[in-house]
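The values are calculated or read from the model by the stated rules, or taken from the named source; none is laboratory data. All values reported here derive from a predicted model rather than from experimental measurement. Note: ideal-geometry Cβ built from the backbone for every residue, glycine included; neighbour counts use all protein chains shown. In case anyone asks, the SASA skips ligands and DNA or RNA and just uses the protein heavy atoms, side chains included. Shrake-Rupley method; radii C 1.70, N 1.55, O 1.52, S 1.80 Å.
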Amino acid sequence: MAKLLYITVNPKNDIKLSKGMQLGEAFLEEFKQQKPDVEIEHMHLYDMDIPQIDMDLLYARAKLSFMGKTFDELTEGEQKQITSMHELADRFIAADYYVFVTPIWNFGSPAILKAFLDNLFIVNKTFVNTHEGAKGLLTHRKALHIQTRGGIYSTGPMVEFEFGDRFLTKVLGFLGMEVMPTVFAEGMDHFPKQVPEIMAKAKEQVIEAARE
């Protein structure tokens with residue numbers, strides 16, 4: 001059975017409080033209509049224990065990659081971290097479709113998303129190094145980013161300061177995925193009276209994305 005991994009990145013784990021999750025729900029409702037046989041798994045990153053690149057994980061990766069050590073030669077902490085990393089990557093790899101729902105904070109995504117993505121860079125599992133450079137292995141998968149923005153980043157002086165969507169979509173593309181055009185609802189802090197109109201337009205876009 002095909003699977004969609006629905007990843008929400010906001011401490012507001014309540015659809016009533018999160019405009020991003022409201023857009024995500026609109027996507028899911030249409031997606032279920034289009035592909036009723038696809039399993040949907042929800043990852044809410046703020047509810048997860050995500051491995052961080054700490055000293056244990058850093059040394060575990062080094063020992064296994066170029067220091068010639070085996071898993072059994074790692075310390076208990078290193079074994080725990082590297083195991084958790086691979087378990088999370090395996091869970092991610094098992095999907096066919098991906099939807100990320102994030103806000104932009106201070107020019108970028110919440111730090112927890114970077115921590116999550118760090119677990120996906122595993123050589124010979126998610127990418128390989130070739131003579132032509134790195135090549136992603138997560139091909140034949142489709143990804144969509146839904147992002148909410150308080151300011152305006154699509155045009156004007158803030159374009160060069162948008163690093164959240166830019167980083168995420170580059171990572172997914174690097175891993176080999178087909179990345180769809182991002183759906184964003186922006187300017188909601190700048191133009192609070194226009195929020196209903198902004199959200200309505202974004203909902204139309206996520207519904208169309210679900211159909212694609």
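Identify the residue in region 102-133 that is of a type outside the set (Val, Ile, Thr) and part of a strand (DSSP E or B) and, among all such residues, is farthest from Ile50 (Cα to Cα). That would be Gly133.
Each residue in region 180-206 was checked for being open to solvent by less than 70 Å² (accessible area, probe 1.4 Å) and assigned to a loop (DSSP other than H, G, I, E, B), and 5 pass.
Tell me, please, whether a residue that is modelled with pLDDT of 95 or more, under 21 Å from Val179 (Cα atoms) and either out of contact with any Ser or Thr (no Cβ under 8 Å at 6 or more places or on another chain) or not hydrophobic (A, V, I, L, M, F, W, C) (or both) can be found in region 70-87. Within region 70-87 (the criterion being modelled with pLDDT of 95 or more, under 21 Å from Val179 (Cα atoms) and either out of contact with any Ser or Thr (no Cβ under 8 Å at 6 or more places or on another chain) or not hydrophobic (A, V, I, L, M, F, W, C) (or both)), the answer is no, since none of the residues qualifies.
Of the residues making up region 27-74, those that are aliphatic (A, V, I, L, M), within 15 Å of Lys3 (Cα to Cα) and assigned to a helix (DSSP H, G or I) number 1. Among the conditions (1) closer than 25 Å to Ile15 by Cβ; (2) more than 12 Å from the chain's Cα centre (by Cα), the only one that Tyr98 does not satisfy is (2). When the residues of region 152-179 are narrowed to those that are of a type outside the set (Asp, Glu), without any contact (Cβ under 8 Å) to a residue 24 or more places away in the chain and assigned to a helix (DSSP H, G or I), which ends up nearest to Lys142 (Cα to Cα)? Out of the qualifying residues, it is Lys170.
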